[in-house]
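The values are calculated or read from the model by the stated rules, or taken from the named source; none is laboratory data. These figures come from a predicted structure and were not determined experimentally. With ideal geometry, Cβ positions are generated from the backbone for all residues, glycine too; neighbour counts draw on all protein chains shown. These accessible areas exclude ligands, DNA and RNA; they are computed on the full protein's heavy atoms, side chains included. Shrake-Rupley method; radii C 1.70, N 1.55, O 1.52, S 1.80 Å.
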Amino acid sequence: MARGEGVEHSSASLLSNVNVNVKLDPDAIGLAGKGEQRSRLSICNKLCYAVGGAPYQITGCALGFFLQIYLLDVAQLDPFYASIILFVGRAWDAITDPTVGFLVSRTPWTRFGRMMPWILLSTPLAIISYFLIWYVPDLDQGKVVWYLLWYCLFQTLQTCFHVPYSALTMFISHEQKERDSATAYRMTVEVLGTVIGTGIQGQIVGMANTPCINSTLTPLDADQNASHPSHLSLMPIDLTRTREAYMIASGIICAIYVLCAVVLFFGVRERKDLGKTKNEPISFWQGIRLVMGHGPYTKLVMGFLFTSLAFMLLEGNFALFCCYTLGFRNDFQNILLVIMLAATLTIPFWQWFLMRFGKKTAVFVGIPFVIPFLVLVVFVRSNLVVTYIVSFVAGVSVAAAFLLPWSMLPDVVDDFKVKNPDLQGHEAIFYSFYVFFTKFASGVSLGISTLSLHFAGYITSGCTQPEEVGLTLKILVSAAPIGLLIIGLVIFVLYPINEETRQRNRKMLQHQREKETDSESESTESGSSV
């Protein structure tokens, strides 16, 4: 908090304790009222804060929807090596999250805050590494190392951006209502970011019309092809236009990444009073025990671990499912765009719903909403209209899955503060571990799904695939996600923070802040008297 703001809050607290017989200074009253107003966030502040979430979703959506098919059909890697890149990259990314969260929690306050320096310094290197992921090097050997290196490096730098940005929620306002409102703005922009990522990557790449090998290989032939990638050299295809399209799309996304980081940096200010710590710094392992020992946090993270894994399986394999199982090779980018547009349009609805009926109720309504339609898309054979309907409904459910975790995490942190009033300043650890688990789920989903395609006999750059691949894709976009969603919902039954608990925690934290402000005011008054 700026020094002027501290005076304002101190003045407000002093006024509330002044004897009624004392004549109140009108200037002091005005100062107190101004302090009340400045605790609120303007629409401009919320928009600038929300824009900062777009880079993570734009790049994440492009990678989630297209990296698998890019490695298989454009970089022409064997599915086994592609699965290694996807899993190791995400696993490495997951490891860096709690590490960065721990380092952020120990970062001293600077003139720009505690979180902003991380965001500012990681951006230039992140866009370079992201661009090189989508470049196909002229190498006969070493492609696997190339993609693994740049993918891991980008995930690390993205973590240095996203973990501080996620924790920033707790440092922009102490008002729960203001944080929820800012989160709703953020989720709307983030889902819009997924539309942008899907639109840019999908439409530009879609115009390139990726060529394929028109073959009718038997599963035995496909297995030989997977074991001996040189078999494809007998049927060369020109991928120059497709590779250029991927690079153009990545260049545009990099430019948007930089723009969003600049808007966030100049449009949002961290409040120093919300970043104060009362206790000595803790070790990394103490931090792990601290957050994982908090029951509500563990249940929340585990619940969203399974639901995130379900949606990531759907995200990572839906493009291949549309191309090879449904036969919509020329329409898949438009189908993906419908999912993200539906999610964007329904974020305001879910924000209203959780405010009206509660966040836990929203979980049980929004997340399972997609289940019947995932069943439908598998049993209705190659119907484009039905596929678009299912995509729209999936987007509605994706919106709930986007909004709810980030809206519920501050409630868990508040609950921790109420139960541990002497342990403050560890917000980044809570957020980093949630990001760790979601990215771990993403790595597992991509690694297992790509490896499953390898064992099913996936044909690199093939116009058609064996029946075993089609069956595998049906499981990956329908049966597996449905099972994971059900497990996640069962865990959420045990989640203890309801609306009554949330309001009680809010009042207790408000009381704690008032006591702290009174103590600081008395100390200041005593110092002035001396």
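Can you pull out the residues in segment 412-432 that are closer than 25 Å to Glu499 by Cβ and at pLDDT 70 or above?
Of everything in segment 412-432, those that are closer than 25 Å to Glu499 by Cβ and at pLDDT 70 or above turn out to be Val412, Val413, Asp414, Asp415, Phe416, Lys417, Val418, Lys419, Asn420, Pro421, Phe430, Tyr431.
Could you say whether any residue in segment 66-85 is open to solvent by 10 Å² or more (accessible area, probe 1.4 Å), closer than 30 Å to Cys323 by Cα, under 17 Å from the mean Cα position of the chain (by Cα) and at pLDDT 80 or above?
No, segment 66-85 contains no residue that is open to solvent by 10 Å² or more (accessible area, probe 1.4 Å), closer than 30 Å to Cys323 by Cα, under 17 Å from the mean Cα position of the chain (by Cα) and at pLDDT 80 or above.
Looking at Arg106, Arg90, Arg111, which one is open to solvent by 10 Å² or more (accessible area, probe 1.4 Å) and under 19 Å from Thr438 (Cβ atoms)?
So the residue among Arg106, Arg90, Arg111 that is open to solvent by 10 Å² or more (accessible area, probe 1.4 Å) and under 19 Å from Thr438 (Cβ atoms) is Arg90.
Among Met355, Met408, which is over 20 Å from the mean Cα position of the chain (by Cα) and in contact (Cβ under 8 Å) with a residue 24 or more places away in the chain?
That would be Met355, the only listed residue that is over 20 Å from the mean Cα position of the chain (by Cα) and in contact (Cβ under 8 Å) with a residue 24 or more places away in the chain.
Which ones in segment 487-498 are in contact with a helix residue (DSSP H, G or I) (Cβ under 8 Å, 6 or more places away or on another chain) and exposed (fewer than 15 other Cβ atoms within 10 Å of the Cβ)?
Leu494, Pro496, Asn498
For the structure I just gave you, tell me whether Ile128 is part of a helix (DSSP H, G or I), modelled with pLDDT of 90 or more and either closer than 19 Å to Pro164 by Cα or under 19 Å from the mean Cα position of the chain (by Cα) (or both).
Judged against the criteria, Ile128 is not a match.
So which of Thr464, Thr517, Thr524 ends up being at pLDDT below 75, surrounded by 15 or more Cβ atoms within 10 Å (Cβ to Cβ) and more than 30 Å from Phe306 (Cα to Cα)?
Only one candidate passes the filter, namely Thr517.
Name the pairs: first residue in segment 70-95 and polar (S, T, N, Q), second residue crowded, with 21+ Cβ neighbours inside 10 Å, Cβ to Cβ under 7 Å, at least 6 apart or on different chains?
Gln76/Thr460; Ser83/Gly447; Ser83/Thr450
Thr188 fails exactly one of the following numbered conditions: (1) part of a helix (DSSP H, G or I); (2) over 15 Å from the mean Cα position of the chain (by Cα); (3) under 19 Å from Lys46 (Cβ atoms). What is the number of that condition?
It is condition (2) that Thr188 fails.
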